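These notes concern the structure reproduced below.
The values are calculated or read from the model by the stated rules, or taken from the named source; none is laboratory data. Note that the coordinates shown come from a computational prediction; the quantities given were computed from them, not determined experimentally. Here the Cβ positions follow ideal geometry from the backbone for every residue, glycine too, while neighbour counts run over all protein chains shown. For accessibility, only protein heavy atoms count, side chains too; no ligands or nucleic acids. Shrake-Rupley method; radii C 1.70, N 1.55, O 1.52, S 1.80 Å.
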Amino acid sequence: MCLLAGMLFPLTAAADESKRGDLNNDGDVDIADVVSLIHYVLNGEWPGDNHEWVDLGLPSGTLWATCNVGANSPEEYGDYFAWGETEPKDYYYWSTYKWCNGSQNSLTKYCTSSSYGYNGFVDNKTELDPEDDAAYVNWGSSWRMPSIAQWNELFSNCTTRWTQMNGVNGQLVTGPNGNFLFFPAAGSRWEGSLNEVGSFGRYWSRTLSSIYSNETFIRYFESEDWNSVYPAGRCGGCTIRAVRVS
């Protein structure tokens, strides 16, 4: 126990600066973080991290979650998030988007071009910080939203088939080792509406568009088994399929 205490106390001393000792991401550095650390040492995982994943045999070894963030089974749609936001909401538009000042040309974070930044703001961030990653915030530090490179690896190395699971349309993705994932065609949310459910899947990556700061890359598929990566407006609501962090 001395080792654990020695690890925790220096972190506690620095908590006001960076919260580096907040191991369970509850906003405080306290005895609960000691419990989290003990659980990790004994079991190799953080408490509450009970989300299932699949090893598809990908070259990078990336492990993919079996269901969407906010879902309890592979065929459930789960929650819809604007890019860089960590909670679902009722209305998806620039006027309600967290990282702008009311319009797509007034971005306040994740901006590589002054023409899109508020009063010329630029920070050159091209990937989400963990605190703005809905997978990390909702599922814990073992999970992240996939990068666009991870999405490309998935579909470059796997076979896909449009099918149904328990009556829900979606895409079955089978890896080189025979393991598979099901991605429901959950559509997307725009303003107050849910659109194209059962026909299209639109899943966020954590990667900003390399061309336009008001857009980020999504993985798109539809009933004709057409897979594509393209940029989409950050303020819309899309689903998230997380990847596991080693």
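Of the residues making up region 166-183, those that are surrounded by fewer than 16 Cβ atoms within 10 Å (Cβ to Cβ) and in a strand (DSSP E or B) number 1. Residues in region 135-156 include at least one that is assigned to a strand (DSSP E or B) and under 15 Å from the mean Cα position of the chain (by Cα). Just one residue in the set R219, R161, R234 is basic (K, R) and in contact with a helix residue (DSSP H, G or I) (Cβ under 8 Å, 6 or more places away or on another chain); that residue is R219. T62: touching a residue at least 24 places away in the same chain (Cβ under 8 Å) and farther than 21 Å from A185 by Cα, yes or no? Yes: the conditions hold for T62.
In this structure, is Q104 assigned to a strand (DSSP E or B), over 20 Å from the mean Cα position of the chain (by Cα) and of a type in the set (S, T, N, Q)? Against the criterion (assigned to a strand (DSSP E or B), over 20 Å from the mean Cα position of the chain (by Cα) and of a type in the set (S, T, N, Q)), Q104 does not qualify.
Tell me whether region 31-47 contains one or more residues that are of a type outside the set (D, E), open to solvent by 20 Å² or more (accessible area, probe 1.4 Å), modelled with pLDDT of 65 or more and assigned to a loop (DSSP other than H, G, I, E, B). Scanning region 31-47 turns up no residue that is of a type outside the set (D, E), open to solvent by 20 Å² or more (accessible area, probe 1.4 Å), modelled with pLDDT of 65 or more and assigned to a loop (DSSP other than H, G, I, E, B). Quick one: which of F183, F155 is touching a Lys or Arg at 6+ places or on another chain (Cβ under 8 Å), under 22 Å from S209 (Cβ atoms) and modelled with pLDDT under 95? Sole residue among the options that is touching a Lys or Arg at 6+ places or on another chain (Cβ under 8 Å), under 22 Å from S209 (Cβ atoms) and modelled with pLDDT under 95: F155.
Taken over region 201-239, the residue count meeting the criterion of being over 16 Å from N152 (Cα atoms), of a type outside the set (G, A, S) and open to solvent by 40 Å² or more (accessible area, probe 1.4 Å) is 4. Considering Y136, Y92, the condition of being modelled with pLDDT of 95 or more and open to solvent by less than 20 Å² (accessible area, probe 1.4 Å) is satisfied by Y92 alone.
Considering only region 104-133, state which residues are of a type in the set (S, T, Y) and open to solvent by less than 50 Å² (accessible area, probe 1.4 Å). Step through it out loud before you land on a result.
First, pick out the residues of region 104-133 that are of a type in the set (S, T, Y): 106, 108, 110, 112-116, 118, 126.
Result: S106, Y110, S113, Y116.
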